[in-house]
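Notes follow once the structure below has been shown.
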Amino acid sequence: MVQWYFPETIDEAAALLGRERFVPHGGGTNLVKSGIGSFAGVVDLSRVPLNYLKTDRGVLEIGANQTFASAADNLSNLYPGCILAAALGAAASTPLRNRITMGGSASLFPLWSDLIGPMAVLEGKIRTEGQNAGTHDLAPWLADRSLQKGTLITSLLFPDPSDWISVYHREVRVGFDYPAFTVSVLARTNGSRVERIRVALSGGTDRVVRLAELEEALKGADLAKVSSLDIRKMAAVRFGRKPAGSPEYLSEIAAVQVERCVKSALFREEGTR
Ligand SMILES: Cc1cc2nc3c(=O)[nH]c(=O)nc-3n(C[C@H](O)[C@H](O)[C@H](O)COP(=O)(O)OP(=O)(O)OC[C@H]3O[C@@H](n4cnc5c(N)ncnc54)[C@H](O)[C@@H]3O)c2cc1C
């Protein structure tokens, strides 16, 4: 029989997660689907004080228990136009956004994640307690699932969340669909030049990629030269088969959407900062 636990502190929760076949419960939107019955203990996190969103010296920290809905709300007040607010506020459906937590999402990072693209361009980090306590960059976190064993995600850190022109696109058939892919673009311009640009595409076979060749080609570029670049070629990413289309089709439309998002960020700045 599965035993539920309701720790009230981070230490208590982390200690419980050190036990064999114990699993944390955030919003439950995936855990319930994956079959709680196979675990010995379920550690409900709702009483652990991780439901916060704060900034300290420009670094944004979002506690693992913040739901997508509350994080999107808080962010749209704090940093209007922030890519995270746009992404989290558009994810799934309202009832789901009211349950999905930042911690559960960062643990799973599914192919349809609306968090992973903004994490990649904002260069977000995952803060943990327990067996692998520390602060983890996204790439090693995604590459090594064993980091999560016996580990509690306590918060996500975003070192440089504001003052970007931002564009977020989720490729869906209807609003509450799982996105087939997402495009995240952050840019800073200086006069007629692209000062900095970051572009991430999620949903392909690599889950999320920063389009390094494209970023390099655009960095410092004169805006007048942008239209002569072959952005679609530099945005070519491999996809697997999905309900939304064949790998070839998804690869093609993803490249088109990257081009649109980049141009939208660079040439239609108003209202997106
Ligand atoms: C129909 C449907 C549609 C969805 N659509 C989208 C979408 O469009 N975009 C999107 O981004 N998401 C979407 N989701 C949510 C996504 O699929 C996952 O379910 C979600 O990210 C999990 O978050 P959760 O808080 O519910 O975690 P849970 O289900 O509670 O847990 C998921 C996993 O994370 C672990 N975990 C939870 N909290 C922590 C923590 N603090 N530390 C360590 N491990 C933890 C759990 O043990 C479990 O392994 C959808 C879900 C459903 C059911």
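The values are calculated or read from the model by the stated rules, or taken from the named source; none is laboratory data. In this text, all values refer to a predicted model and were calculated from it rather than measured experimentally. Neighbour counts are summed over all protein chains in view; Cβ atoms, including those assigned to glycine, are modelled from backbone coordinates with ideal geometry. The protein model used for the area step is the full one, side chains on, heavy atoms only, and it has no ligands, DNA or RNA in it. Shrake-Rupley method; radii C 1.70, N 1.55, O 1.52, S 1.80 Å.
Structure values in brief
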| quantity | calculated |
| --- | --- |
| Cross-link reach list, lysines versus LYS219, counting only Cα pairs under 20 Å and skipping chain neighbours closer than eight places | LYS233, LYS263 |
| Cβ-derived FRET efficiency at R0 25 Å, ARG207 paired with VAL59, nearest 0.05 | 0.50 |
| Segment TRP4-GLU248, length gained on full extension (0.36 nm per residue, minus Cα span) | 83.3 nm |
| Cα gyration tensor category, rounded, prolate or oblate, for the range 142-273 with a/c compared to 1.5 | oblate |
| Relative contact order %, the chain, counting alpha carbon pairs below 8 Å whose residues are six or more apart | 16 |
| The range 140-237 - accessible surface per residue (Å², probe 1.4 Å) | 45 |
| Spin-label pair PHE267/ARG173, simplified geometry with 7 Å Cα→Cβ offset, distance in nm | 3.2 |
| Net lengthening on full extension, ASP11/ALA133 (0.36 nm per residue, minus Cα-Cα) | 42.8 nm |
| Residue among SER202, HIS136, TYR168 farthest towards the positive dipole end of the range 112-239, charges placed on Cβ | SER202 |
| GNM result for the chain, Cα springs below 10 Å: residue of TRP141, TRP112, TRP164 fluctuating most strongly | TRP141 |
| Charge dipole of the chain about the Cα centre (unit charges at C-beta), most positive-ward option of ILE126, GLY26, ALA13 | GLY26 |
| Gyration tensor (alpha-carbon) shape descriptor, the chain, a/c threshold 1.5 | prolate |
| Stretchable slack from ARG238 to TYR52, in nm (0.36 nm times residue separation minus alpha-carbon distance) | 63.3 nm |
| Cα gyration tensor category, rounded, prolate or oblate, for the range 82-193 with a/c compared to 1.5 | oblate |
| Total charge dipole magnitude, the range 125-273, about the Cα centre, Cβ charges on Lys, Arg, Asp, Glu only, Debye to nearest 20 | 200 |
| Mean separation of Cα contacts under 8 Å, 6 or more apart, over the residue count of the range 98-166: relative contact order % | 34 |
| Neighbour-limited loop hits for GluC sites (Glu not before Pro), the range 1-94 (at most 12 other Cβ within 10 Å; DSSP other than H, G, I, E, B) | GLU8, GLU20 |
| Positive minus negative residues near PRO7 (Lys, Arg vs Asp, Glu; Cβ under 15 Å) | -3 |
| Carbon + sulfur, % of accessible area of the chain - ligands and nucleic acids excluded, 1.4 Å | 51 |
